[in-house]
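What follows is one structure encoded as structure tokens, with my remarks underneath.
Bear in mind these aren't lab numbers, they're just calculated from the coordinates by the rules spelled out. This structure is a prediction, so every number in the text was calculated from the model and none was measured. Please note: Cβ atoms are built from the backbone with ideal geometry, for glycine as well, and neighbour counts cover all protein chains shown.
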Amino acid sequence: MRHIARQPVPEGQRLHRRDLLASAAIAAVALLLATLVWLTTLRAVGEQRIETQARAERMLAAQAATLAEQMRLELVTIDQSLAVLQTAWDEAPDRFRLADWAKRLPALTAVTDDLFIADARQVIVQDILPDAVGQPVGAGYVNFPHGGLDLFERDGRKARATGTLVGETGQRLIEGRQYLMYLVRPLLRPAGWVIGASVRSEALVRLYGEASLGENALTALIDLRQGSVAALAGSAARRPTVAIAGTPMFLAMKDRAEGGLWDGPSAVDGGQRLHAFRRVPGRELVVVVAMQRAQALAPARSWATGAYALAVLATLLLLGTAGLVVAVVLTVRRARRRAQRAERDRTAAAALQEDLRSARMRAADLGAELAVLRRACPDAVAVVDADLRLVDWTPPFAAASAPPDPAPAAPARHSGHAAPLAPGLPLDEWLRAQARAGRFGDLTDLEAEVARRMGVLRGDRPLLTQAGPDGRPWHVRALPMPAGGLLLRLGPDADEAGAAHRLATRAQPNAADGPGMARLEMPAPALGA
């Protein structure tokens, strides 16, 4: 199984990953807090919506209970008045005059439009409306539209026809509809005769005006026995559905004997409303008070708008804070890394300075040692760099390269820089100087000889012969240096080339040490071997 060595992650990439992880952690915390803010907001909005709806339902239920009680009292008033009239008729039917009794019962006439006595054929024999006598029951309503749309003041009074929807008080009039409904009692004699009164209630309109139920609200009186609308107030009275038996709202009212709530479409027009209904005690009648669902939940919507705005502000604040924290953390981390890098750089620079100082000291010591070795070396040796330029040489090489004196004289002591030698002198220039000094004999073409000798020195058998300073033939041998240059040796004896070879393998010029210096890594006693 082959194991693949994992490459070390670069430091810059590793630090970048750490920054990303730190930023991601801060962003995750900010998102978590924002999520908690929104969860709390949504929960609070839901609770507020439930509370608002419950408050509206309680208000509607209270209004329905109030209206049912008012209807009960009105019906009791009519019923008691009819009982009084029934007793009076039974005691003295010949002397009974309905018009006289109507003046004595103002409470009855306040809640009824028609008061009558009808025979067994339901033909009116007495009526507070003279024109209705001799006509069937209900004929008195020829001048009172049955189920017609009327306009009422806020206090329940029928408004005068002005052609506008604004009443005497400057408030909007209430639209209402009332259908024909009677309360009747049988008379003892003659058989089959009845006494009755129509029901005209202002309670529906009055409660609608006082309750401030909002736009598109309604109050209604429902006949459970007939499954129809008996009276209606509100904008739904314009085009109502009268027969509502079988609708979900009507079935809910039938199932709940005393009363309850209905959240859904109204049976009279299909509008979405919150309904509270209450049965009129002792009657097959139910009063309904309803308000538009949107109107009922308007406070919750306003509260939710403020809560959402606050949640958005909190989210933006959290995100902005998170971004600021990320920027601060990254800035601090990067500043710390820059300081650490600067400290490492200063430490490295100090170490390099120390190394450089030590290297210079070693170079100076080595240069001094090389100078001693150069003066003590008995061989005529020179170092040529890779560009074929003289770098350094020994005094014997300088003496051997010097042109012959015009007259015999005692041998002179030459320095390492005696003419024509100089650091950086091209090798071919040195060969030309030797040729001009006559070391190569008589030449017909000096440049050709110089080129030939350059080729030999750079070839595989770098061995040349020229005249030495003593007139004897000397050998010029070139040995390659490890750094790419050459080590030249001048000498009369070819057997002494071994010494030059040993010197070449252990000596290497170093351009950093400056001209006139070379590194020798052989011990001093080996140089004399």
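Let a ≥ b ≥ c be the square roots of the eigenvalues of the Cα gyration tensor of the range 17-300; is it rounded (a/c under 1.5), or, if not, prolate (a/b larger than b/c) or oblate?
Working: a/c = 3.61, a/b = 2.84, b/c = 1.27.
Verdict is prolate for the range 17-300.
How many nm is it between the label spots at residue 472 and residue 58, if each spot is 7 Å from the Cα in line with the beta carbon?
If labels sit at residue 472 and residue 58, their model points lie 13.6 nm apart.
At a threshold of 8 angstrom on Cα-Cα distance, excluding pairs fewer than six apart, so keeping six or more, what relative contact order does the range 17-300 reach in percent?
Working: 487 pairs, mean separation 54.8, N = 284.
It rounds to 19 percent for the range 17-300.
Provide the packing ranking of 288-295, 220-227, i.e. peptides ordered by the mean count of other C-beta atoms within 10 Å per residue, highest first. List each step's numbers first, then the result.
Details: 288-295: 22.5, 220-227: 19.4.
The most tightly packed comes first, giving 288-295, 220-227.
Run the quick spin-label model on residue 336 and residue 387: label points 7 Å from Cα toward the beta carbon, then report their separation in nm to one decimal.
5.2 nm
Residues in the range 294-311, backbone N under 18 Å from the label point at residue 263 (7 Å along the Cα-to-beta-carbon vector): list them, ranges by number please.
Residues passing the 18 Å test: 294-304.
Working out 0.36 nm times the residue gap between residue 90 and residue 119, then minus their Cα-Cα distance, what length gain in nm do you get to one decimal?
On the way: separation 29, 0.36 × 29 = 10.44 nm, distance 1.42 nm.
Net length gain for the segment: 9.0 nm.
Post the alpha-carbon centroid distance, the range 77-132 to the range 311-336, in whole angstrom.
Cα centres, the range 77-132 to the range 311-336: 87 Å.
Give the calculated FRET efficiency between residue 228 and residue 310 to the nearest 0.05, with a Förster radius of 45 Å applied to their Cβ-Cβ distance. It would help to have the intermediate numbers written out before the result.
Values: r = 50 Å, r/R0 = 1.11.
Between residue 228 and residue 310 the formula returns 0.35.
What full-extension length gain, to one decimal in nm, is calculated for residue 97 and residue 44 as 0.36 nm per residue of separation minus the Cα-Cα distance? List each step's numbers first, then the result.
Details: separation 53, 0.36 × 53 = 19.08 nm, distance 6.80 nm.
My answer for the length gained is 12.3 nm.
Residue by residue through the range 51-64, what is 3J(HN,Hα) from phi via Karplus (6.51 cos²θ - 1.76 cosθ + 1.60, θ = phi - 60°)? Round to whole Hz and write x for glycine and proline.
These are the phi-based 3J(HN,Hα) values: 5, 5, 5, 5, 5, 5, 5, 5, 5, 5, 4, 5, 5, 5 Hz.
Can you give the FRET efficiency to the nearest 0.05 for residue 325 and residue 360, using r as the Cβ-Cβ distance and R₀ = 45 Å? Kindly include the intermediate steps, with their values, before the conclusion.
Working: r = 51 Å, r/R0 = 1.14.
It comes out at approximately 0.30.
Quote to one decimal, in nm, the extra length available between residue 83 and residue 256 on full extension: 0.36 nm per residue of separation minus the C-alpha distance between them. Write down the numbers at each step before the final one.
Values: separation 173, 0.36 × 173 = 62.28 nm, distance 3.10 nm.
Stretched fully, the residue 83-residue 256 segment lengthens by 59.2 nm.
Loop-only GluC sites (Glu not before Pro) in the range 185-233, please: DSSP not H, G, I, E or B, and at most 16 other Cβ atoms within 10 Å. Let's see the in-between values first.
Numbers: sites: 202, 210, 215; in loops: 202, 215.
Loop-located and lightly packed - 215.
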